[in-house]
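Working notes, structure below.
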Amino acid sequence: MTKHILIAGTQSGVGKTTLTMGLIAALTRRGLRVQPFKVGPDYIDPTYHTLAAARTCRNIDTWMVTPARAVAMYRRAVQNADVTIIEGVMGLFDGANYTDESGSSAEIAKMVGAPVLLVLDVGKMARSAGALAAGYLNFDAHLNIAGFIANRCGSERHFRGVKVAIEKATGVPVVGWLPKDAGLHIPERHLGLIPTDERGELTAFIAHAAEMVARYFDLEKILSLMGEVSVGADNLSGVDPQAAKSQSPVMIAVARDAAFSFYYEDNLDLLRAAGAKIAFFSPLTDSRLPPHTTGIYLGGGFPELHAAQLAENTSLLTALRQVHAAGMPIFAECGGFMYLTETLIDLNGRAHRLGGLIPGVTRMQPKLAALGYRLVEGAAGNFLLPAGASARGHEFHWSTWDTVPAEVSPAWIVRSRRNPAQSSPTGYARRNLVASYLHLHFAGNEKLARNFVSACQKWKRKEK
């Protein structure tokens, strides 16, 4: 039997990521197998939960993926777990718009049947904490808010006061609290939290969070409030598993290191289900691609922080140019897209010569360049998404791409979410290379993974 619960906040910044990570680590220390999830498209928060659970955190998103498919994938992923902990996004009821719950933590909780623990920042509150809790509890009668957590309490006396106020106003228990503690603050940068692979002290940080949660939370009460998950299987790719096995196997090399770490884990599962083997490699340190590579996937990350080292690895850059010239399928998103341009200019104005597969320069900016969900259609020459076919993804970057439009064959046509008749080209596609700032979720269009694998199989046959 697998049990689950969702950790939500009244708003962003109340500490839900740290508390979720600490709860995951505390329960893992008890010997429980914890499967973490993150609501929405975020790439960084899941890396903390992955380390805390020693099990890959997954995203659950109902804009990029249909709700029915998201639930099926959720039930598949929680198999062989004792407990599932879901971290919410923004405030509990914040989602894709102002008028309904679509894309919100509340929607996800009701969709999968998970009770909610709501985190309140009570640092500057007293009895008002009761009014705040009551407002959230009564906003949606169909949502099961099973408990509250009081964060950033000034003292134990302060906690006991807000606990009485909250429980008297709601009849719902306060199951944990944390004092103000700078040791539980996760540093941030322009894209949010600092990625885990940059923090050498992270083992101690997670241990400290686990100890604080074990000390100040009623873990037995939290476990008793959890709901039961209806687990199940999901044919991820829509491909007959036996048919996939009968195909000539292909090897997709996936960049994964400190510079490239942003992937939706479901994308990798979908590629495997469609018949691909995955081999990870490091553009920072590897001088060549993995043996038998028939396709390349360059995900997002922070190449701007490692641009000098990436530029110095000329052996791998040469190998990428060679396989691109030979027509090997290459899919690059966001950081991977930046890596394949001619030059990357960092925030200090330093220029770094990189892949040269994409014309133009990517230039880091001191302010956000783009953020939000994207609905796209394929453009001519796109092996991943044929012209006219649609897919969904997310874009979040602080750099711009400077190039000559006449040199560019776009990868996608972006359709306006408010007015689908409005469109604009974006990205770059040439010789089996598809690249842009967009992070696609392959589960939004089950043909994406199959098309990637099929392109690799065609290339492999051609090269024999």
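Please treat every number below as a calculation from the coordinates, not as lab data. In this text the structure is predicted, and so the values were computed from the model without any measurement. Neighbour counts are summed over all protein chains in view; Cβ atoms, including those assigned to glycine, are modelled from backbone coordinates with ideal geometry.
Numbers at a glance
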| item | result |
| --- | --- |
| Cα gyration tensor, segment 251-373 - rounded (a/c under 1.5), prolate or oblate | oblate |
| Where only C-alpha atoms are counted, convex hull volume of the chain per residue in Å³ | 146 Å³ |
| Dipole magnitude of the chain about its Cα centre (Cβ charges: Lys, Arg +1; Asp, Glu -1), debye to nearest 20 | 580 debye |
| Cβ-derived FRET efficiency at R0 25 Å, Glu211 paired with Glu167, nearest 0.05 | 0.45 |
| Built amide H within the under 5 Å cut-off of Phe280, gap 5+ | Val254 |
| Whole-percent pair-distance distribution, where bins are 5 Å wide, for the alpha carbons of segment 241-463 | 1, 7, 15, 21, 21, 17, 11, 5, 2, 0, 0 |
| Label-point gap, in nm, between Thr403 and Arg350 - each point 7 angstrom along Cα→Cβ | 2.5 nm |
| Ranked His352, His394, His185, criterion: other C-beta atoms within 10 Å, fewest first | His185, His352, His394 |
| Taking Leu120, Leu143 and counting other C-beta atoms within 10 Å, the order from fewest to most | Leu143, Leu120 |
| For segment 3-228, convex hull volume per residue from C-alpha positions, Å³ | 118 Å³ |
| Beta bridges per DSSP with both ends in the chain, % antiparallel, nearest 5 | 40 percent |
| Computed [θ] at 222 nm, deg cm²/dmol, the chain (DSSP H ≥ 4; -39,500 (n - 2.57); rounded to nearest 500) | -9500 deg cm²/dmol |
| Fewest-first ranking of Thr318, Thr62, Thr84, using other Cβ atoms within 10 Å as the exposure measure | Thr318, Thr62, Thr84 |
| Under Karplus coefficients 6.51, -1.76 and 1.60, residue-wise ³J(HN,Hα) of segment 264-277 in Hz, glycine/proline x | 7, 4, 4, 4, 5, 4, 5, 5, 4, 5, 7, x, 9, 9 |
| Contour minus Cα-Cα distance for Ser155 and Lys180 (0.36 nm per residue) | 8.2 nm |
| Share, in percent, of DSSP beta bridges within segment 3-228 that are antiparallel, nearest 5 | 15 percent |
